[in-house]
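Written out below as structure tokens is the structure these notes cover.
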Amino acid sequence: MKRNYIIDTIIDNGLIPPASAVIVAVSGGPDSLCLLHALNSIADMYDMVLVPVHVNHMLRPEAYDESMHLADICERMDLDLRIYEASCSDVADELGISVEEAGRQIRYQIFDEVAAELEENGVPAEKIYIALAHNADDQAETVLFRLIRGTGPHGLAGIPVVRMSEAGYIIVRPLLNIERKDIEAYIAENKLKPNIDKSNDENTYTRNKIRNELIPYLEKNYNPRIKDNLRRYAGLAYMDDSLLRDIALNDYFNCVEVNGEKEEAVLDISKIKDNPPPVNSRIVSMIFELLRLEDCVTFENVSAVTDLIYSEHPSAGIDLPYGIRARRVYDSIIFSAEEEKIMPDESIAIYPRVLMAKEFVPDEDTPYAAFDFDAFNEEYPGRIGDIELRTRREGDYLPMKNGSKKIQDLLVDSKVRRSARDSILMVCIDSEVLWVLPSEFFSGGREKTKGRFSPKFHITEKTKRVLLIELDETI
């Protein structure tokens with residue numbers, strides 16, 4: 001194996017231990033292609049299984065061709081590329097957030113879905129790593145971006161080398177201490193042909209302006225080593241912030257309660273009023289992370305909520321991003337979003353029918369569910385007419401490969417917000433759920449388009465008759 005600086009750095013930092021399953025996020029650009037190629041160079045030596053994942057954000061007409069080009073590169077590496085498509089513009093409009101933030105949310109959701117699939121297929125969760133290709137230049141740009149926006153010490157600590165994903169999988173950034181010029185040298189040395197996103201040269205987004213205009217201006221007119229200094233500052237801020245967060249973590253578990261049903265967090269301030277503000281501000285930051293607000297709240301948001309802890313007034317409120325409000329109620333601060341309850345679509349109907357397996361040719365563009373009819377009929381003889389379409393009821397459950405899952409728990413785990421849970425339609429027989437219909441309120445891409453299915457009566461090569469459940473319209 002040909003060794004070089006980047007490969008040696010990845011080996012030496014020890015972020016990915018041997019015998020790991022590594023989900024590699026690949027846009028096809030120089031950074032991610034460098035990471036994928038370097039990891040593939042050592043995969044056999046360290047018994048790694050690489051799972052390259054590419055997300056087409058559907059923002060540029062050339063994105064599809066870039067996906068196919070990346071698939072060809074992966075094929076030459078003897079890797080199977082997983083390609084996902086998601087409209088960032090639609091998600092941004094729906095959630096009222098920027099296209100950049102929508103893309104970030106989509107990517108991390110997909111990475112967690114792939115990780116969960118690996119775990120379901122027998123890979124231990126602690127052996128699953130999500131590898132991202134952020135580099136040292138990204139770190140400097142992030143610190144400057146957050147400084148301009150108005151962040152606190154935690155934000156100034158920059159991009160972490162290691163952190164946990166929302167679903168609890170390990171995210172690592174093996175290139176975070178490697179400069180962009182070294183990555184470009186690696187690309188040239190190995191004759192790789194990355195996708196070049198020309199939009200990175202356009203100064204439409206703030207981050208592009210920082211990369212293309214502000215940092216070059218600072219290097220030329222103030223300090224040619226500004227990026228080194230920003231990275232050094234991030235390292236110092238990270239050490240200080242980590243110490244304070246470790247101290248705050250002990251109190252966090254004792255004073256914060258989370259109610260998944262109500263989608264709210266409650267902070268008991270009577271237990272932390274004697275803490276110094278730097279510790280309590282970290283507790284507030286942890287709550288923001290819990291509520292997935294860490295990338296959109298400012299230092300002013302953290303300070304305002306921290307001030308509520310020490311306020312003599314027993315009632316006050318602060319509005320936060322995404323419609324969440326922090327309300328002081330005597331010795332508690334309640335973080336929650338009040339939303340209007342969403343009703344189910346009453347125009348949808350289902351049509352269960354039985355057909356011979358050889359006649360089963362479903363329309364893949366239309367949502368449907370299909371089961372082994374004879375297996376179903378053995379458990380529910382003569383009851384095909386009792387299959388119904390409805391919303392959730394107490395006691396409903398979805399069979400799983402190992403046991404079953406309460407529908408309430410399924411909706412919480414799938415991040416369906418509380419106001420939308422009674423809008424989710426399900427195909428049921430008694431309390432057993434056969435099919436949870438697709439809905440825009442699910443977080444996962446597959447759940448949005450296909451829904452969730454019971455594995456209990458799955459079709460096999462021995463199936464003779466199929467129970468096909470179709471909808472009267474595409475949803």
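Numerical summary
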| item | result |
| --- | --- |
| Of I429, F442, S404, farthest towards positive along the dipole that unit charges on Lys, Arg, Asp, Glu beta carbons give the stretch 350-471 | F442 |
| Additional length obtainable on full extension of the chain from R446 to K191, 0.36 nm per residue less Cα span | 88.2 nm |
| Members of K227/K273; K358/K450; K191/K220; K358/K401 lying beyond 28 Å, as alpha-carbon distances in this model show | K227/K273; K191/K220 |
| Cβ-based exposure ranking for C255, C296, C74, in which fewest neighbours within 10 Å come first | C296, C255, C74 |
| Point-to-point label distance, K220-S347, nm (Cα→Cβ direction, 7 Å offset) | 5.7 nm |
| 0 to 90° range, to nearest 10: angle between helix 63-76 axis and the chain longest Cα axis | 90 degrees |
| Shape call, the chain: gyration tensor on alpha carbons, a/c limit 1.5 | oblate |
| Alpha carbon Rg of the stretch 350-471, scaled by the compact-globule rule 2.2 N^0.38 Å | 1.04 |
| For the stretch 230-336, size of Cβ-based charge dipole, Lys and Arg +1, Asp and Glu -1, in debye | 180 debye |
| Beta bridges per DSSP with both ends in the chain, % antiparallel, nearest 5 | 75 percent |
| D47-F360 pseudo-label distance in nm [points 7 Å out on the Cα-to-Cβ vector] | 3.9 nm |
| Sum of -39500 (n - 2.57) over DSSP H runs of 4+, divided by residues of the chain (222 nm, nearest 500) | -11500 deg cm²/dmol |
| In degrees, nearest ten, helix 277-290 long axis to first principal axis of the chain (Cα) | 30 degrees |
| Net dipole in debye of the chain [+1 Lys, Arg Cβ; -1 Asp, Glu Cβ; about Cα centre; nearest 20] | 960 debye |
| Percentage relative contact order, the chain, counting C-alpha pairs under 8 Å, at least six apart | 12 percent |
| Ranked L320, L236, L398, criterion: other C-beta atoms within 10 Å, fewest first | L236, L320, L398 |
| Residue list for the stretch 389-416, given a label point 7 angstrom along the Cα-to-Cβ vector of A337 and an amide N cut-off under 14 Å | 415-416 |
| The stretch 230-336: projected area of the alpha-carbon convex hull, averaged over directions, in nm² | 6.8 nm² |
| Taking L59, L437 and counting other C-beta atoms within 10 Å, the order from fewest to most | L59, L437 |
| Candidate aspartates and glutamates - alpha carbon under 16 Å from K406, same-chain residues fewer than 8 apart omitted | E261, E394, D396, D422, D430, E432 |
| Which of V284, Y322, Y233, positive extreme of dipole for the stretch 230-336 (C-beta unit charges) | Y233 |
| Estimated inter-spin distance, D65 and S315, nm [label 7 Å along Cα→Cβ] | 6.3 nm |
| Partners for K193 among lysines (Cα-Cα distance below 20 Å; same-chain residues under 8 apart left out) | K2, K181 |
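Only the coordinates and a few stated rules stand behind these numbers; no lab work does. Note that the structure is predicted; figures quoted are calculated from it, not measured. Cβ atoms come from the backbone with ideal geometry, glycine included; neighbour counts cover every protein chain shown.
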